[in-house]
Structure formats: structure tokens, C-alpha cells
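Notes follow once the structure below has been shown.
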Amino acid sequence: MENRVVMLVDLDYFFAQCEERRNPSIKDKPVVVCVYSGRSEDSGAVSTANYIARKYGVKSGISIFLAKRKLKDQDAIFLPLDRDFYEQISEEIMGVLRSYADLFEQVGIDEAYLDVSQKVKGSFEEAEELAKKIKGEVKTEQKLTCSIGVGPNKLIAKIASSSQKPDGLTVVKPEQVESFLSQLPVNRLIGVGRKTTEKMHDLGINTVGDLAKYDVRKLNEVFGENLGAYFHNASVGTDDEPVQERGEVESVSRIFTLKKDTKDLATILEKVNPLCDDVHERLMQRGLNFKTVGIVAVMTDLSIHSRSRTLETPTNKLDAVKETARELFERFLKESELEVRRVGVKVSNLVEQETQRQITDFVGTD
Ligand code: DCP
Ligand code: CA
Ligand code: CA
């Protein structure tokens, strides 16, 4: 087998960056996204903050009260969490990322692993070009920056992605793994928290390089065999966890940027119909019927609007997607004043097509 090439794409200061995108005038100020508990005016915790606020020591998890104190002399912006808005943006970006991957695994709202081994034919040079292209597309289409790590496996990709932030790109080729890892502090490895770090320090292990050189049998004695083996493998950069799709498919969607912003239904449908074909084909490949058809419109001001309709019974008919999408757009365009920049189709409420499934289940494919 040729080289495995894995990417981890992580969006920078995600919730706060979404807020900056919605309102660019706050971009040069500290921005803090808060989860208000509602008990008293300022009780609650910081969800995340932009990098300007981080310079003053504001970060995820600290109290809003403390954040306000740290920023008391600044013209800082405190905003409540708007999860629906972030999820909408996340979903769009994940759709783009997925289209670049041979295998795709979303982990959390703002990051995903992409196995691109075949796409780049095992070449890290090509992977670097692909990563630049992805960063460019996320930037121009979504107005957001992300950081990407590229490596021979998930472990290295993940550490690489966080080694230059924000807006970073770090490529670690197989022959660079050892030197890349060896100088890092041990707590950069996943699973090495504060207590483990202390224990390792007691053993004289400070860097990942120290850990790699440490006798595996002694590690097993201290941490138990499973963990000991994991720490050793991690320290030398060995990881063969596959990149794999997680969980059930909840919806299938596609979104497209129009050549020119418009309010014209016919022009919009010209683009929407092929999206319907595409979404429908993906559902049929997975053997799924659907009950809900939705549309998404991103306007010239980048505001996002969605509409949907749930049918009486689940169906697999392409016409049901196209007609419902047309009706939803027609009605939406009458109500809206701005022109449309991006259009999307999303089908959800999915159920398996029972009868057809058995055939492929029992007939071998090879
Ligand atoms: N989040 C949260 N509470 C936490 C950690 C994260 O609510 N304790 C939310 C807000 C973040 C989002 O999850 O925007 C993604 O988390 P990340 O850890 O990726 O952090 P950010 O994207 O905010 O920052 P970075 O630029 O370091 O990736
Ligand atoms: Ca992030
Ligand atoms: Ca993340």
C-alpha cells in the first residue's frame, strides 16, 4: 500500500469567528462568546473567544465574570451563544470538506479528519497543495479561516493542526515524524492530561522524545498495559486508527454558489435542479427514503435562511425533491428583499428502504 495521507481540518476560534463573520465591525476587538446560565446577569462560562481576547487570558471554560475582569479596560464584545447559526455554517463547511476526502470523519462541530491518500496518490506535496486549496475555498466561500495538519495518520494530523494557529498549515511527512514529535512536551499527546503529565515528570519524562526512549515495560508497570502501550506508540507516532464516517446519516445536502447574485426564480432553479439530482442520487446509493425536503439560501449579506416541508409519507421520488424545492424557493423569494448568493438543498427525516436492502446485504460485492 502507498503512503497513508490524513488531514485534520479545525476551524479557528469557531463560534467567535462565526460572530465576526455575521458582524465584521467587531473583528478588531476582543470577542467573547458566552453561555449565560441565567442565574444572574453575568453568571455563566466562556464558550470561546477570538485571538485578541485570548491575549488578555480569556479562554474557553473560564467564568464570564473573570473574562469581564480581564477585559475591563478594553472595548470588548460579549455575545450569547447562537448554536443554530454555528451549526448551519458547520454543516456547509463539512459538506465542502467531505467533497475533498476519500474517507471523512467529522469530530465535533468544527473539525474533521480527511483521508486523502488516494486523492493525492500518497504524495505529501500534493496533499499540501490540496490543503491550500481547501483553506482558500473555506476562506472565499465561507469567509472563515481554519488550521490544517497533514500527516501519515490521525495522531500526527491532529497534533500538526494545532501546532500553528490560527490560519495555519503544517505538513509532517513520514520521515519528519520523529523530529516533529520528539521536542514536543508530553501533554501535547491526546490522553496525556494534567495528572499523567505530573506522573511522567516524576519519571523524568518531559518531552515526547523522552517518552519514546523510556522502557516500555516500565511504562506498563506505571500506567497499566493498555495505556502504557498506547503512550509508547503515540510517542513514536504510530497510529493506525482508520478515518471513518460516524453515526447514522441524518440528512443529505448540497450547496452551490451562484455565478451572480440574483432574485430570479428561473436562474435559481437552473442551479437547484442539479443539486436535487445529486442529493437524490446519494440517497438512492445509501438506500434511503426521505420525508423532509429543505432549502437553504445564503444572501448577499451572508445571512442564512432555511425553509423546509415535511411530506405525508416517506418517498424516494426525485420529483418530490424538485417540486418541493421549487415551491419553497418561490415562496421564499417573494418574502425576501436581498439577492441570493448561494443556494442549497437538504433532505432529512431519512428511513431505510427495507425491501431493497436485503439484496445487497446478502449478495457479496467481490
Ligand atoms: N467550545 C465550548 N466550550 C469549550 C470548548 C469549546 O463551547 N470548553 C466550543 C466553542 C468553540 C468550539 O467549541 O468555538 C470549537 O472548539 P475548539 O476547541 O476547536 O476551539 P476554538 O475553535 O474556539 O479555538 P481554536 O482556534 O483554538 O480551535
Ligand atoms: Ca477550532
Ligand atoms: Ca475543534
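The values are calculated or read from the model by the stated rules, or taken from the named source; none is laboratory data. Since we're looking at a predicted model, the values are computed, not measured. Cβ placement follows ideal geometry from the backbone for every residue including glycine, while neighbour counts extend to all protein chains displayed. These area figures cover heavy atoms from the full protein model, side chains too; ligands, DNA and RNA do not enter into them. Shrake-Rupley method; radii C 1.70, N 1.55, O 1.52, S 1.80 Å.
Worth pointing out:
- Count of region 32-78 residues which are modelled with pLDDT of 95 or more and either assigned by TED's automatic domain parsing to the domain that holds Asp110 or of a type in the set (Lys, Arg) (or both): 7
- In summary, helices (runs of 4 or more DSSP H) completely within region 77-185 and bearing 1 or more residues that are more than 14 Å from ligand 3 (Cβ to nearest atom) and open to solvent by 60 Å² or more (accessible area, probe 1.4 Å) occur at 83-99, 124-142, 177-182.
- Residue within region 272-286 that is part of a loop (DSSP other than H, G, I, E, B) and not assigned by TED's automatic domain parsing to the domain that holds Leu97 present: yes
- The residue pairs whose first member lies in region 1-23 and is within 17 Å of Leu79 (Cα to Cα) and at pLDDT 95 or above, whose second member is more than 9 Å from ligand 2 (Cβ to nearest atom) and among the small types (Gly, Ala, Ser), and whose beta carbons are closer than 7 Å, counting only pairs six or more residues apart or on different chains, are Tyr13/Ala49; Phe15/Ser47; Ala16/Ala49.
- Within region 275-309, the set of residues being over 12 Å from Lys346 (Cα atoms) and either of a type in the set (S, T, N, Q) or modelled with pLDDT of 95 or more (or both) comprises Gln285, Asn289, Thr300, Ser303.
- Checking Ser40, Ser63 one by one, the residue that is away from ligand 1 (no atom under 16 Å from the Cβ) and without any contact (Cβ under 8 Å) to a residue 24 or more places away in the chain is Ser40 and no other.
- Flag if Val35 is outside any loop (DSSP other than H, G, I, E, B) and either in contact (Cβ under 8 Å) with a residue 24 or more places away in the chain or over 21 Å from Glu87 (Cβ atoms) (or both): yes
- Any hit, region 79-92, residues being of a type outside the set (S, T, N, Q), more than 23 Å from Ser306 (Cβ to Cβ) and out of contact with any helix residue (DSSP H, G or I) (no Cβ under 7 Å at 6 or more places or on another chain): no
- Filter pass, Leu11 being open to solvent by less than 70 Å² (accessible area, probe 1.4 Å) and either under 25 Å from His305 (Cα atoms) or within 16 Å of ligand 3 (Cβ to nearest atom) (or both): yes
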